[in-house]
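The values are calculated or read from the model by the stated rules, or taken from the named source; none is laboratory data. Every value quoted in this text rests on a predicted model; they were computed, and no experiment measured them. With ideal geometry, Cβ positions are generated from the backbone for all residues, glycine too; neighbour counts draw on all protein chains shown.
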Amino acid sequence: MTLKKPTIRQRGIYLLPNLFTTGALFAGFYAITSAMGGRYETAVISIFVAMILDGLDGRVARLTNTQSEFGAQYDSLSDMLSFGVAPALVMYLFAFSSLGKVGLFAAFVHTAGGALRLARFNTQLATADKRYFQGLPSPAAAAIPAGFIWVCIEYGYDMAVFKYVALLLITCSGLLMVSNFRYSSFKEIDFKGKVPFFVAIAVMLGIAFVMAQPQTMLFLLFLGYAISGPVVTLIMRRRKWQGRKA
């Protein structure tokens, strides 16, 4: 009688997707250190780099079939630093240092909103509607203060005048993350399928517009996305109410 050898459970992590997550984590950390050194343009660019890397790690994991619970948790911790802590600290150092506790509170609203948003996303991952995000995604929320800072640096705006606009933006970004507004996840778009030729031209022109003036275009794009949540939610609720009335 031959005895079966006990199966040895292999331990370890998938390297490739976690390299992208580590890159996003480092970009968020580098944004903080750059802001502490007064290099605010480098700081905001680092936040946008973190967004790109954060978008790649999940897609790489799905393409290579290397999803794991460790990767999901590691990604959330990376997002917390890069999109919750980093934008708030960069904005505080850039615009809120003269506002005292008011500026500190506004920056903390964004950080706390990011933490709550990520915790809710992780707990509702199995039951959530894949077509929509509940609350503004943390990368998009981080892009709003980061884009605003980049625009101010590019055009030389005086923060003594615009600091209250910054205060409103970062407070709203934090609150939108924990709101119940629906935001499109764009997961229903089939990137593998064929599209008409004019769609390819439109995409090419869109990329050209963004690359020509990235500071303004990225800020406006993500600000528009943030506004789309309340608009879409109100339209859906109005249609639902009209359907019940009919």
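Considering the stretch 130-181, and only residues there that are without any contact (Cβ under 8 Å) to a residue 60 or more places away in the chain and within 15 Å of A106 (Cα to Cα), the residue that is farthest from the chain's Cα centre (by Cα) turns out to be Y164.
Does M51 satisfy the condition of being among the hydrophobic types (A, V, I, L, M, F, W, C), surrounded by 14 or more Cβ atoms within 10 Å (Cβ to Cβ) and touching a Pro at 6+ places or on another chain (Cβ under 8 Å)?
Values: among the hydrophobic types (A, V, I, L, M, F, W, C): yes; surrounded by 14 or more Cβ atoms within 10 Å (Cβ to Cβ): yes; touching a Pro at 6+ places or on another chain (Cβ under 8 Å): yes.
Yes; evaluated as a whole, the condition is true for this residue.
The set of residues in the stretch 59-80 being crowded, with 20+ Cβ neighbours inside 10 Å and out of contact with any Pro (no Cβ under 8 Å at 6 or more places or on another chain) consists of D75, S78, M80.
Looking only at the stretch 152-162, decide whether some residue is surrounded by fewer than 21 Cβ atoms within 10 Å (Cβ to Cβ), assigned to a helix (DSSP H, G or I) and in contact with an Asp or Glu (Cβ under 6 Å, 6 or more places away or on another chain). Yes: one or more hits.
Yes or no: the stretch 122-134 includes at least one residue that is in contact with a strand residue (DSSP E or B) (Cβ under 6 Å, 6 or more places away or on another chain) and hydroxyl-bearing (S, T, Y).
Going through the stretch 122-134, the residues in contact with a strand residue (DSSP E or B) (Cβ under 6 Å, 6 or more places away or on another chain) turn out to be 132-133.
From what is left, the residues that are hydroxyl-bearing (S, T, Y) are 132.
The answer is yes, given that some residue of the stretch 122-134 is in contact with a strand residue (DSSP E or B) (Cβ under 6 Å, 6 or more places away or on another chain) and hydroxyl-bearing (S, T, Y).
The residues of the stretch 16-46 that are among the aliphatic types (A, V, I, L, M) and free of Cβ contacts under 8 Å to residues at least 40 places away in the same chain amount to a single one, L19.
Starting from residues that are within 30 Å of A112 (Cβ to Cβ), modelled with pLDDT of 80 or more and not hydroxyl-bearing (S, T, Y), keep the ones in the stretch 176-204 and report whichever is surrounded by the fewest Cβ atoms within 10 Å (Cβ to Cβ). Steps first, please.
At the first step, the residues of the stretch 176-204 found to be within 30 Å of A112 (Cβ to Cβ) are 176-187.
Okay, now just the ones that are also modelled with pLDDT of 80 or more, so 176-185.
Narrowing further to those that are not hydroxyl-bearing (S, T, Y): 176-178, 180-182.
Details: L176: 23, M177: 31, V178: 18, N180: 8, F181: 20, R182: 19.
Once the filter is applied, the top-ranked residue is N180.
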